[in-house]
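The values are calculated or read from the model by the stated rules, or taken from the named source; none is laboratory data. Remember, predicted model here, so these are calculated numbers, not experimental data. We place every Cβ from the backbone using ideal geometry, glycine too, and count neighbours over all the protein chains shown. Protein only, heavy atoms only, side chains kept; ligands, DNA and RNA dropped before computing areas. Shrake-Rupley method; radii C 1.70, N 1.55, O 1.52, S 1.80 Å.
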Amino acid sequence: MKVTEHIEQSKGKTLFSFELIPPQKGRNIQELYNNIDPLMEFNPPFIDVTTSREEYIYINKKGLLDKKLTRMRPGTVGICAAITHKYNVDAIPHVLCGGFTKEETEYLLVDCHYLGIDNVMALRGDAMKEEKYFTPTNGGHCYANELVSQIVAMNQGKFLHEVVETETNSDFCIGVAGYPEKHVEAPSLNSDLRRLKEKVDAGADYVVTQMFFDNQRYFKFVEEARAAGITVPIIPGIKPVSVKKHLHLLPQVFKLDMPDELVKAIEKCKTNAEVREVGVEFAIQQSKELMTYGVPVLHYYSMGKSDNIKKIAAAIF
């Protein structure tokens, strides 16, 4: 089923979902299952699976460093198929502009269609680790709205180099990212909202937000998005703080603000175990307020670990 169909059928009840990261190549998928299993009691209708773009590694060959391009966490589509088969839930692969040509994107979407995957998350993606700014892949898309347009065209039987007449076209439900405190590269929140409107106008069906810790930022973002003519569901993304370095790392990387009460509570913690408990309690209260507001889904960034997400979900659902 499509994400939008899950939301419609919930009849106003807030749903639970989460995002996970593929294991590094060579690792067993059972590790992933071990972190999914504890969360299935909360009946997630869908699970997101991230896609990692390519990165450079250096291999020592007889004293010389050989620079090679590789993907450390491949297998997103395969993992989605495995999750769908094992748990009977909709698994949603992230589809990126960065690191993929348009042809590679088309092949990936064809695979998704063959596997019965009904939803995709269309993202520009981050810059490579060695780049300060995002550089489009040669032959790939520059922006997420272009990627959305390619997916919409394929839904209509329009492939890159031909039109295919068939009664079994793909019919992907398309998610895109939204930023309550604006994307790190956007010059202003209003300009970022215009970019979001472009993605929705191109055919996006729903929005999932970047993490935030101040619910007022989300409420204002939704209000301004509606005023801009964005009517699709806007799903809040929640990231429980789990280690003390998040206090500085998350604001630096994502350019977000943390409420002072959360900052003070983390600063008092002597161990990361204490920080993890603070993060759980804060996320519970954050989730309760969002649920009262009437959000369609509470979407948690698990980073592949489920113990803290389970505590939060048990208190909410």
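Worth a mention:
- M128 meets all of the listed conditions (1) under 30 Å from D257 (Cβ atoms); (2) touching a Lys or Arg at 6+ places or on another chain (Cβ under 8 Å); (3) modelled with pLDDT of 95 or more; (4) open to solvent by less than 30 Å² (accessible area, probe 1.4 Å) but one, namely (3).
- Taking the stretch 244-317 and the helices (runs of 4 or more DSSP H) fully enclosed by it, the elements with 1 or more residues that are aromatic (F, W, Y) and open to solvent by 30 Å² or more (accessible area, probe 1.4 Å) are at 246-254, 272-293.
- Within the stretch 53-63, not a single residue is at negative phi, modelled with pLDDT of 90 or more and out of contact with any Gly (no Cβ under 7 Å at 6 or more places or on another chain).
- Test: M154 is within 26 Å of F134 (Cβ to Cβ), touching a Gly at 6+ places or on another chain (Cβ under 6 Å), surrounded by 15 or more Cβ atoms within 10 Å (Cβ to Cβ) and touching a residue at least 12 places away in the same chain (Cβ under 8 Å): no
- Among the conditions (1) at pLDDT 95 or above; (2) in contact with a Pro (Cβ under 9 Å, 6 or more places away or on another chain); (3) surrounded by fewer than 18 Cβ atoms within 10 Å (Cβ to Cβ); (4) more than 30 Å from H161 (Cα to Cα), S17 misses just one, which is (3).
- Being exposed (fewer than 14 other Cβ atoms within 10 Å of the Cβ) and at pLDDT 95 or above is a property that holds for A227.
- Within the stretch 206-224, being surrounded by 19 or more Cβ atoms within 10 Å (Cβ to Cβ) and in a loop (DSSP other than H, G, I, E, B) holds for F212, F213.
- From the list D66, D90, the one residue that fits, being on the phi < 0 side of the Ramachandran plot and without any contact (Cβ under 8 Å) to a residue 12 or more places away in the chain, is D66.
- The conditions of being without any contact (Cβ under 8 Å) to a residue 24 or more places away in the chain and farther than 30 Å from G12 by Cβ are not met by V243.
- Checking each residue in the stretch 230-243 for being open to solvent by less than 30 Å² (accessible area, probe 1.4 Å) and either closer than 16 Å to K182 by Cα or β-branched (V, I, T) (or both) picks out I230, V232, I234, I235, P236, G237, I238, V241.
- Selection from the stretch 94-124 of residues that are surrounded by fewer than 18 Cβ atoms within 10 Å (Cβ to Cβ), not in a helix (DSSP H, G or I) and not hydroxyl-bearing (S, T, Y): L115, G116
- Screening V297 against (1) in contact with a strand residue (DSSP E or B) (Cβ under 8 Å, 6 or more places away or on another chain); (2) without any contact (Cβ under 8 Å) to a residue 40 or more places away in the chain; (3) of a type outside the set (K, R); (4) under 20 Å from L20 (Cβ atoms) leaves a single unmet condition, (2).
- In the stretch 179-205, the residues that are open to solvent by less than 20 Å² (accessible area, probe 1.4 Å) and within 16 Å of the chain's Cα centre (by Cα): P180, L196, A204
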